Amino acid sequence: MKLTHIAITNWRNFAHIEFDLSSRLFVVGPNSSGKTNLLAALRFLSDVARLGLAAASENWGGPERYFRSGTERASFDLTLEQDKHQIEYKLSLRKESSANDQNKRDDAANEVIEFPAGNRAVVDSEDLMINGQPVSISAERVTESDGSYFGERVRSSFDPDSVVQSASRFKAKNVQISLLHQITRIAIESIRYIHPNPKKMLERADRYDPDHGTGFFQHAGRFSDQQLDSVVDRIRPIMAAVVPEIPNLSYQRMGLGTELVFYSDTPVHGASGVYSHEQFSEGTLRLLGLLFDLATLPRDTSVVLIEEPETFLQASVVRSLPSLLAEVAMNRDVQMVISTHSPELIDSELVLPSQVLMLRSEDGETTGQLLSESNDPRIKAVVSAGLPKSQGIDAVNGRTIPLGTW
């Protein structure tokens, strides 16, 4: 199942943004324009599908932290394609007053009392469209402990007289719709985020934190030797080409075998000056983390979110990233959304104008548009002339440090 269109309303600094998604999308824009927030919206949806709304909302700090300031509702509209089916999924959330406020409201009887929004988000609606026809997914709902809900069982709202001719065919159609809904939920749940922080990677943790890479070497130790050998064989030539000090990446298990140490070469017992990952530079550690996470993506991964993959890397290495990412996307059959500040990345011939989403911030609100759809004459001139895409982006969004202010 592939995501083809995304629309988001009242999420953090976005009043509304929508865009098409192909195999890869590169998100560009000035600092604080919302690149991280855009990736966070997809991560939030994945958490809702995986954990339920109550747990996901709590993890994200409540609606006050992720609803756009001053708004009471937020919504997410996704269009997906599965074989010949086009599926439209919409989730609408609203703030709800606290339980105490609700009790006070009930006790007040005929009094009209205004209460501020509380710290809970509840589902206003969860809607599904298959091939342009509405499907009800609200026949039964699983109620969370805080009263919020999320649909789990599906029934068709198709007219049985016009769509199917018999009860058995109607049942078969209903099962098919239920299956498509579950596949939709799995596709949203299977969004993965990659953003290893070199310093955090060195910190020990029993549970891997993909937000920062904390517990990375304990996480790596959970893979079998067979899996690790395959992963390291894939990563080794890349590390050797990019980092001359890592000619032959190798690993050994430590302690009970639950933690790995990576080496620049196969360590010789008793040798001095062994070069382990604790001596790797920040750029080398981050590259190792990125490559390892890409090589160990779960089989059900639908979309990979990568935050500024160019960080700590040499410009010539960054210029080769589009080829690597395109190969991963094709071989693993995944889509990618990548935030970046790097002109070396987006100016690649492998990155099309239809794959670059440019964010713009004006008057405290962020909007976004694909370069291929921009009506800005500066962008159109660059795209039509085949010039480096970063030139048009800089012409529109460029920022410079003013001289004479120090």
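So the values come out like this:
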quantity: Residues being at pLDDT below 90, part of a loop (DSSP other than H, G, I, E, B) and either touching a helix residue (DSSP H, G or I) at 6+ places or on another chain (Cβ under 9 Å) or within 24 Å of THR214 (Cβ to Cβ) (or both) - total across the stretch 254-274; calculated: 4
quantity: Helices (runs of 4 or more DSSP H) (entirely within the stretch 4-90) containing at least 2 residues that are under 16 Å from ARG185 (Cβ atoms); calculated: 35-51, 53-59
quantity: Scope the stretch 240-253; condition among the hydrophobic types (A, V, I, L, M, F, W, C) and outside any helix (DSSP H, G or I); matching residues; calculated: VAL243, ILE246, LEU249
quantity: Members of the stretch 39-52 found to be touching a helix residue (DSSP H, G or I) at 6+ places or on another chain (Cβ under 9 Å) and not small (Gly, Ala, Ser), listed by number; calculated: LEU42, PHE44, LEU45, ASP47, VAL48, ARG50, LEU51
quantity: Failed item in (1) surrounded by 16 or more Cβ atoms within 10 Å (Cβ to Cβ); (2) closer than 16 Å to HIS16 by Cα; (3) touching a helix residue (DSSP H, G or I) at 6+ places or on another chain (Cβ under 9 Å), with GLU72 passing the rest; calculated: (1)
quantity: Residues satisfying the stated conditions in the stretch 186-239, i.e. surrounded by 15 or more Cβ atoms within 10 Å (Cβ to Cβ), among the hydroxyl-bearing types (Ser, Thr, Tyr) and either on the phi > 0 side of the Ramachandran plot or not in a loop (DSSP other than H, G, I, E, B) (or both); calculated: TYR193, THR214
quantity: Residue list for the stretch 1-35, filter: surrounded by fewer than 17 Cβ atoms within 10 Å (Cβ to Cβ), among the polar types (S, T, N, Q) and out of contact with any helix residue (DSSP H, G or I) (no Cβ under 8 Å at 6 or more places or on another chain); calculated: THR4, ASN31, SER32
quantity: Options SER372, SER390, SER354, SER361; residue that is at pLDDT 95 or above and either under 22 Å from SER32 (Cα atoms) or among the aliphatic types (A, V, I, L, M) (or both); calculated: SER390
quantity: Output for the stretch 291-330, where each listed residue is farther than 15 Å from ARG24 by Cβ, assigned to a helix (DSSP H, G or I) and under 18 Å from the mean Cα position of the chain (by Cα); calculated: LEU291, PHE292, ASP293, ALA295
quantity: Scan of the stretch 306-336 for residues that are more than 20 Å from PRO198 (Cα to Cα), in contact with a Lys or Arg (Cβ under 8 Å, 6 or more places away or on another chain) and surrounded by fewer than 19 Cβ atoms within 10 Å (Cβ to Cβ), ordered by number; calculated: ALA326, ALA329
quantity: Subset of the stretch 372-394 [in contact with a helix residue (DSSP H, G or I) (Cβ under 9 Å, 6 or more places away or on another chain), farther than 16 Å from HIS341 by Cβ and part of a helix (DSSP H, G or I)]; calculated: SER372, GLU373, ARG378, ILE379, LYS380, ALA381, VAL382, VAL383
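The values are calculated or read from the model by the stated rules, or taken from the named source; none is laboratory data. Computed from a predicted model, the values in this text were never measured in an experiment. Note: ideal-geometry Cβ built from the backbone for every residue, glycine included; neighbour counts use all protein chains shown.
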